[in-house]
Amino acid sequence: MTKAMRRRRPTLLLCAAAAMGCASIAPTTRAFVPAPVRQRAVSVRRRDDVSNRLNMSDGGAKEESDDNFLASLFKNFQQNESDGAAIEEPIETEEERARRLRLERLAEIESGEVRRASRVAEDKFFYLLLFAFQLLPLIGSDRIESVLYFFGVAVTTVYLGGRQEVVDAPERISRNNALYAPVGASLAIGGLYLLLKAGIDITSVYAIMVTLFGALAISDIGVPILRNMFPGVDFAEAEVPVPRGLAEKLDLDKPALPLDGLVTLGLGLLCTLVYWAPAAMEQKFLISNAIAWALGMVSLGAISLGSFQTGAILLAGLFCYDIFWVFGTDVMMTVATKVEAPVKFLYTAPPSDTPRDYPFSVLGLGDVVIPGLFVRLMSKADEVLRPKNLSYFNVATGAYAAGLLACFGVNEIFHNGQPALLYLDPSLVGGTLACAAANGQVADLWDFNEEGGGDDNDE
């Protein structure tokens, strides 16, 4: 509390007591009055009492004394407040301001990391389940194991990504962004396809960029997991000294870096090195999957659909995009199998008498992230709309699982690649609208906006 606030509070309380005519409040208000002011008030009251006794002629003298006391005391408070207002506050230099802002930012980051670690602790069962799925390759590579692996990893990632806490506010997708997303995605995948057909293989360049981003993603998503694995370590204070020259280049307040961030960054770089090790992908595909998972989780926390209508537009557009490039051309399958980078989940293909061009079964990362963004939006809808009957987030997670199972079922029947969004998008939009109908909130969900305002059209 500032000095000005300390001076203002007794003045306001005293005025309130006088206005209410409540004598019982007067002792309480005087308890907040500074000692010098109280002493001056006592002197004034004694002087007024003497004057009143000398000039007392009727029964109203005591009331006049009380009025004089309050008036004198109020005048002293006003004088005290005006004297304090004349005191100038110290001027903050630019360097001090920059340092203060850095410290406030560090405190904000640490507060966010505490929230993230707390959420990981709440969801520890699902993180352990996700780890258990990585042991399936040790059991076998039959079709049942691959389907169980993809289903378990995808659904668990969507669930965890929808619930995870973040430090900074996510980047919001506008309606126009959602509308033109299929066009941008088509240009990107079409460009890669044309380069491959022209004999220009940019796989290495693309994979290097992805793995470097993957190392940073592992560094970010690994911090709350690390804090839960070693709860006895005070990561809020644990630091590693660095050379002063490096600290100056990084503009650090002191020559030290946080221990948790360095450990997880080292883990991310180690995964990148293992990915590029001269070994067959069949021996290291789980490392590729770990990088892809970290990229997916970070994407789910860094991007927000913002509103239900924006999410519906995005899913509808990518629904058409996926169907066209999978069923209408060989572009999707060519790029998915020829461009080797950790942007997909892999599982060793089951043994077969027929030679395979690609030794893995594949689930694209986009088939997890795009629907996952919609599922995460539904977690925000739960917070705002507070449904009485069914949780939008739980229904959306279940709808994603049902759509993915339908995709795997059709794939098993026809034995060819399926556009997963063909099954996932209608399941998600239809399932959440049905949930809204059960909750009596169809209009509320359709108009839902995270920021509470109207849906943005142009931004």
Of the conditions (1) touching a Cys at 6+ places or on another chain (Cβ under 8 Å); (2) closer than 30 Å to I218 by Cα; (3) part of a helix (DSSP H, G or I), L422 fails just one. Which one is it?
(2)
Considering only the stretch 225-258, how many residues are open to solvent by 50 Å² or more (accessible area, probe 1.4 Å) and part of a helix (DSSP H, G or I)?
6
So if I check each of S141, S146, which one is small (G, A, S), buried (at least 17 other Cβ atoms within 10 Å of the Cβ) and not in a helix (DSSP H, G or I)?
S141
Among the listed residues V223, V166, V183, V205, identify the single one that is in contact with a Gly (Cβ under 8 Å, 6 or more places away or on another chain), more than 15 Å from S299 (Cβ to Cβ) and among the β-branched types (V, I, T).
V223
Count, please, the residues in the stretch 349-391 that happen to be touching a residue at least 24 places away in the same chain (Cβ under 8 Å) and open to solvent by 40 Å² or more (accessible area, probe 1.4 Å).
8
Kindly indicate the residue of the stretch 364-396 that is among the small types (G, A, S) and in contact with a Lys or Arg (Cβ under 7 Å, 6 or more places away or on another chain) and also farthest from G152 (Cα to Cα) among those meeting that condition.
S379
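The values are calculated or read from the model by the stated rules, or taken from the named source; none is laboratory data. Remember, predicted model here, so these are calculated numbers, not experimental data. Counting neighbours? That spans all protein chains shown, and the Cβs are built from the backbone with ideal geometry, glycine included. For the accessible areas, the whole protein counts, side chains as well, though only heavy atoms, and no ligand, DNA or RNA atoms are used. Shrake-Rupley method; radii C 1.70, N 1.55, O 1.52, S 1.80 Å.
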